[in-house]
1. Rank by packing, highest mean first: peptides 209-222, 137-150, with packing defined as the count of other Cβ atoms within 10 Å averaged across residues.
2. I want the local charge near Ser119. Using Cβ-Cβ distances under 14 Å, sum +1 for each Lys or Arg and -1 for each Asp or Glu among the other residues.
3. Modelled label-to-label distance, Ser239 and Arg146, 7 Å Cα→beta-carbon offset: nm?
4. Please turn the phi angles of the stretch 250-257 into ³J(HN,Hα) values with the Karplus equation 6.51 cos²θ - 1.76 cosθ + 1.60 (θ = phi - 60°), one per residue in order, whole Hz, x for glycine and proline.
5. Sticking with the crude label model, points 7 Å out along Cα→Cβ, report the distance from Asp207 to Ala296 in nm, one decimal please.
Amino acid sequence: MVTPGPSGHAPGHPSGHAPGGGGGRAVVPALAVGMVVLLSAGWLLSGHLVAGVPPLAVAAGRTATAFVAIGLFAVLTPRGRSGVRTAAARPRTVLVLAFLGFFAYYTGTLLGTRYVGASRVGLIVSLLPCITFVVGVLAFREANSRRKVLGTVLAGCGAVGFLLADGAAAAGGGPGTGALLSGGLLAFGGTFTYAFYGYVYRQRMSDVPALAALPAVTGAGTLMLGLTAVLFVPLGGVSAADWGGVAVLGGVLTAPVFLISHELILRKGPLFTSALGLAVPFLVRLGEWALGSAAAPGAPSVLLIAASAAGVWLTVGGTRAGTRAGTPAGASGGTAAPAGARAPAAAPTAPAAASDPSGCSDPSPSSAAAAETTAPRNPS
C-alpha cells in the first residue's frame, strides 16, 4: 500500500498509485469483499465475546492488539516512522483523539452490543456519515442540503424502527424495551464521539498520514482502556480462549480493515469505500441467524435496514463532481479519521471518515464516510 502525499495521491505518481502498483481488475473487488467480510465478522465476534467477557476488557484487548499490528506496519516504512514521531510529538491531540475514537467509541458500542446485539449496534454505527453531518452542521457550521437532511432523517427513522421492530419480533428471547433504549443510546453516544473524532483529527492531525498517526492514537487508547479495565473490571474470570478471541478481533479483524480501507480510498475514493459499509448490517443480521443467536429476520426488519441504508446513501451521495477516485474530497483519513488518505491542511471541507474499529464497522479511522461530510470510518 502506498502512503499518499499532501494532495492525497501517492508520491511521484499522479494517479495516486505507485508505478506498477495498480494490480489487475480483480484487486478492487477483492479488497472490497475482504473489507465487508472482515467488518461483518468483527461485529459477529464482538457480539459473541461481550456475551461472556466484560466489554471494557474486549475494548482494551482489541485496541492493544490493533495497536501492535498497525504499529509494526507503520515502522516498516520510512514515511511511517517519520509520521509516528510527528504524531507522538502532539500529546494533547493524541489523548483527545484516543478518548473520542477509542475509549468513548468502544465503550459505548461494545456495551451497547451486550444489551442489544451486534446487528442493531452495527446498524447504528453505519449511520456515522449522517451523524457526522449533524455534528458538522450544529457544532462546526458546515453547510447542509435538503438531500443530506432527508437522508439523515430517513436513516435515523430506519435505524430506530429496526431497533423496535426487530426487538418486538424477538419477544421472549430478545432484549426488553429498557435494554433496547439503554443499548441504543450507548451505541448512538459512542458513534457521536467518533463523529467528533473525525473533526478533531481533521483540524489537528491532517498533515500526518493517517496510518502513521494511528500507532500513537491507538497506543494512548490502549492505555486508557487498559487502565480502566484493570481498575474497574474483574478480569480473573476471562479465559485464555476469550483472550485469544479478543486478539483475533483486534489483530486479524480490526487492524486489516484500517489498511484495506486506506487502500480503497486511494484507489476508488471515500464515497465508494463508505458505501461498502451499507452491506454490513444485512450480513451481520443474517450471520446472527445462521449462528443461532437470533431468529430469522422478518420482512419489516429487512425493509427498515434497507431504508436506513438508503438514507445513508442519500447523505453521502453529495460528492463534488470534480472529485476523482483516489482523491478523497477533503478527507484526512471511518473510522477512523485515522484511516483514509489525508487532505491538504487548508481544505475547507469536513473530516474524512475512518472505518469503525469495532471489528464491526470499526471505528476505525479507516474509511472515509462521505464526500463533504467525511469522518473517520470505524473498523469495527
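Just so it is clear, none of the values below were taken in a lab; they were calculated from the coordinates. Values in this document were obtained by computation on a predicted structure and should not be read as measured data. Cβ coordinates were reconstructed from backbone atoms using ideal geometry, including for glycine residues, and neighbour counts include every protein chain displayed.
1. Working: 209-222: 29.4, 137-150: 14.1.
Top of the packing list down: 209-222, 137-150.
2. Numbers: positive: Arg114, Arg120, Arg285; negative: Asp166, Glu288.
Once positives and negatives cancel, what remains is +1.
3. Distance between label points: 5.8 nm.
4. Coupling constants for the stretch 250-257: x, x, 9, 9, 8, 4, x, 4 Hz.
5. Result for the modelled spin labels: 5.9 nm.
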